[in-house]
1. Rounded to the nearest percent, how much of the accessible area of segment 21-66 (1.4 Å probe, protein heavy atoms only) is carbon and sulfur?
2. Can you spot the lysines whose alpha carbon is less than 28 Å from Lys50's alpha carbon? Ignore those fewer than 8 places along the same chain.
3. Efficiency by 1/(1 + (r/R0)^6): what FRET value for Asn23 and Ala58, r their Cβ-Cβ distance, R0 = 35 Å, to the nearest 0.05?
4. Mind giving me the nanometre distance, one decimal, between the label points for Phe2 and Leu34, set 7 Å out from Cα along Cα→Cβ?
5. Efficiency by 1/(1 + (r/R0)^6): what FRET value for Ala42 and Ala70, r their Cβ-Cβ distance, R0 = 30 Å, to the nearest 0.05?
6. In the full protein assembly as shown, how much of Val43 is accessible to a 1.4 Å probe, in Å² to the nearest 10?
7. Ignoring everything but the protein chains, give the 1.4 Å probe accessible area of Leu67 in square angstrom, nearest 10.
Amino acid sequence: MFRRTFWFTAGAAAGVWATTKVNRKLRQLTPESLAAQAADKAVEAGHRLKGFALDVRAGMAQRQEELNDALGIESRDHREELPAPHRPAALGTSNPYNRNEDH
């Protein structure tokens, strides 16, 4: 009698466990869940890519300092020395480089 009760209980528990697993998997495969998972993966990939870009930039700056030290060049902050970006004038406005204007 105890043997039958044990196996009945074990079978019922296995059935509940299997049903729960299947229901969880089905909920993961709904379109909303798949879209959320894809969005999470995209955000995670973006963070990894940003971290990689920051690491590359830091490595470039470090290597530039090493090369400057090896060549005896005084290190400076080059970002302050760069001129402001040139933006072309809109069409129809006076452009000092346009030689086809009537004077």
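The values are calculated or read from the model by the stated rules, or taken from the named source; none is laboratory data. All values reported here derive from a predicted model rather than from experimental measurement. Don't worry about glycine lacking a Cβ; one is built from the backbone with ideal geometry, like all the others, and counts go over all protein chains shown. Remember, those area values only see protein heavy atoms, side chains included, never the ligands or the DNA or RNA. Shrake-Rupley method; radii C 1.70, N 1.55, O 1.52, S 1.80 Å.
1. 62
2. Here the lysines satisfying the reach criterion relative to Lys50 are Lys41.
3. Numbers: r = 47 Å, r/R0 = 1.35.
My answer for the efficiency is 0.15.
4. Placing both labels 7 Å beyond Cα along the Cβ direction yields 5.1 nm.
5. 0.10
6. Counting only protein heavy atoms, Val43 exposes about 80 Å² to solvent.
7. That residue has around 70 Å² of solvent-accessible surface.
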